[in-house]
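Data block below; observations after.
Any read-out appearing in this document is the output of simple, stated calculations on the displayed coordinates, not a laboratory observation. Predicted model only: the values in this text are computed from it and were never measured. Quick reminder, even Gly has a Cβ in these numbers, built from the backbone with ideal geometry, and neighbours come from all protein chains shown.
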2 protein chains.
Amino acid sequence: MALSSRAQAFSVEALVGRTSKRKRQDPRKEAPPELQEKEDGKEEERSGATGKKSEQPSETLEEKDAIQVELQGSELWKRFHAIGTEMIITKAGRRMFPSVRVKVKGLDPGKQYYVIMDVVPVDSKRYRYVYHSSQWMVAGNTDHSCITPRLYVHPDSPCSGEAWMRQIISFDRVKLTNNEMDDKDQIILQSMHKYKPRVHVMEQDSRASLSWIQSLPTEGVKTFSFEETEFTTVTAYQNQQITKLKIDRNPFAKGFRDPGRNK
Amino acid sequence: MALSSRAQAFSVEALVGRTSKRKRQDPRKEAPPELQEKEDGKEEERSGATGKKSEQPSETLEEKDAIQVELQGSELWKRFHAIGTEMIITKAGRRMFPSVRVKVKGLDPGKQYYVIMDVVPVDSKRYRYVYHSSQWMVAGNTDHSCITPRLYVHPDSPCSGEAWMRQIISFDRVKLTNNEMDDKDQIILQSMHKYKPRVHVMEQDSRASLSWIQSLPTEGVKTFSFEETEFTTVTAYQNQQITKLKIDRNPFAKGFRDPGRNK
DNA sequence: CCATTCCCACCTAGGTGCGAACAT
DNA sequence: ATGTTCGCACCTAGGTGGGAATGG
């Protein structure tokens with residue numbers, strides 16, 4: 001289990017700040033525990049958390065592009081990305097680790113917005129993992145073009161720009177599944193494919209009573225994604241370095257951390 | 001621990017139905033487990049779950065009073081009420097058991113509504129429990145008039161009438177506290193006083209951007225309450241019959257049920 | 001051979017009443 | 001005497017990866 005040793009890291013907590021006070025009595029979670037991992041505090045590197053605008057540069061006139069979305073926990077994502085992030089998908093649905101968490105800036109404090117996440121294919125390839133070379137190889141083609149990705153509307157939606165900007169927006173409850181018949185509105189993906197999560201910010205539209213959203217409108221939506229959040233879907237981890245890093249960092253996997261494991 | 005033995009009951013489950021399918025991917029809970037208790041099925045008594053309109057009969061003209069709110073789990077509430085319901089309040093906040101759960105009818109499916117709960121004093125008396133007579137006695141007076149009760153806005157708010165009517169609306173995450181300095185937006189009550197929960201249905205108001213609500217508007221709100229949900233606040237249970245019924249019915253207290261308790 | 005599924009021990013997270021200690 | 005607080009054991013609820021079993 002040889003493992004690149006530039007595995008020093010920064011104080012994620014310091015970079016992130018905290019939603020120190022609950023917004024209201026809403027009992028939904030925030031600030032997932034992965035942030036609570038202590039690391040050797042080095043220094044504050046506020047680098048690659050730069051969102052790049054969506055592929056379709058729609059409407060460059062009407063709105064000035066003030067909206068910014070910044071990935072939180074980017075350092076951890078990059079640790080995974082450097083190895084080759086894998087996400088398990090199951091029939092019942094599996095959370096992502098790390099989860100997508102962002103900070104948004106440049107909203108109109110008074111307006112209402114939806115914040116939405118989806119996951120889109122990176123390419124049309126199917127992959128397989130070659131153990132002896134510890135590498136992912138192309139193993140075939142897939143046509144994703146006929147399926148529209150499901151949308152995960154952040155449960156706080158709709159919400160004022162002010163409130164969105166005050167908190168860290170966490171998508172830690174999102175679940176990925178390989179069950180195409182899923183009826184729990186989880187995000188459906190194919191195993192052994194590469195994907196990347198996207199975050200959409202959409203002003204509340206009073207025209208349509210879009211109390212439930214099945215697909216994104218073609219305009220008035222700002223879309224962001226982040227290189228380091230790309231991942232390959234699996235039903236069981238392929239790269240043991242990924243397994244190790246997951247166990248190290250995901251509090252729910254603490255039971256698999258080394259010391260006194262019996263059995 | 002002598003205890004009245006007319007503790008037979010009805011099939012709560014049959015009366016209630018179920019939200020059999022999740023609304024969407026929203027991971028918030030519904031259908032709390034208290035409903036899953038099996039009981040000797042007797043028969044369906046659909047009696048006292050009648051909401052009575054608010055004290056101020058505002059605007060009898062504009063809207064026809066179609067909105068109805070029906071208490072769910074009324075049988076269990078009545079079991080407690082017959083003994084004298086007690087609710088524990090703590091500094092950290094304590095859930096109610098039973099919790100307030102309602103079904104709403106008569107909304108306009110297309111309109112957006114807030115559904116809100118609060119808890120108001122039943123009288124201005126302080127009470128004490130007299131053990132040897134197993135009774136609550138008046139022990140003094142309190143002036144509640146200077147404090148406005150906190151509102152618990154149901155986390156699904158705002159939401160379409162259609163969606164509200166399709167589900168059972170559960171307030172099981174509401175927490176009661178005796179900490180007047182509470183900063184977690186829990187419901188603040190005084191111990192040893194009698195209270196009753198109320199449910200408010202309010203059409204979304206586009207005038208004010210009431211993204212957050214501190215107090216109810218004086219009109220356009222329908223208010224409902226239910227005799228059997230009245231309770232006395234305590235910091236430790238007074239009546240042992242209440243303790244027993246709580247332990248019997250609240251899944252989280254299962255550890256205190258009789259059989260093989262060691263210690 | 002490769003990928004998926006299922007059950008499991010082991011965690012996190014948090015809701016119970018108990019009973020001793022504390023406060024008034 | 002009466003009311004409150006705190007730590008605790010014991011639950012519910014559900015998120016981990018392991019490893020055996022299953023399936024192409």
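Take residue B:180, push a point 7 Å out from Cα through the beta-carbon direction, and compare it with the same point in every other copy: 6.4 nm, smallest first. Each copy carries a label point for residue B:106 at 7 Å from Cα along the beta-carbon vector; from one copy to the others these points are 4.9 nm apart, nearest first. Per the Debye formula on identical point scatterers at the alpha carbon atoms of segment A:121-202, with no solvent, log10 I(q)/I(0) at q = 0.10, 0.18, 0.21, 0.27 Å⁻¹ is -0.37, -0.90, -1.05, -1.36. Using alpha carbons only, how many angstrom separate the centre of segment B:105-145 from the centre of segment A:225-241? About 53 Å separates the Cα centre of segment B:105-145 from the one of segment A:225-241.
Quick one: work out Rg over Rh on the C-alpha atoms of segment A:114-263, Rh as Kirkwood radius. So for segment A:114-263, dividing Rg by the Kirkwood Rh gives 1.02.
Averaging the sequence gap over all C-alpha pairs within less than 8 Å and six or more residues apart, then dividing by the number of residues, gives segment B:146-239 a relative contact order of 31 percent. Listed cross-link partners A:184/B:105; A:175/A:246; B:194/B:246; A:91/B:105; B:103/B:196 are compared with a 24 Å cut-off, the Cα-Cα value being larger for A:184/B:105; A:91/B:105. Between identical copies, the spacing of residue B:144 label points, each set 7 Å from Cα toward the C-beta atom, reads 5.7 nm from nearest to farthest.
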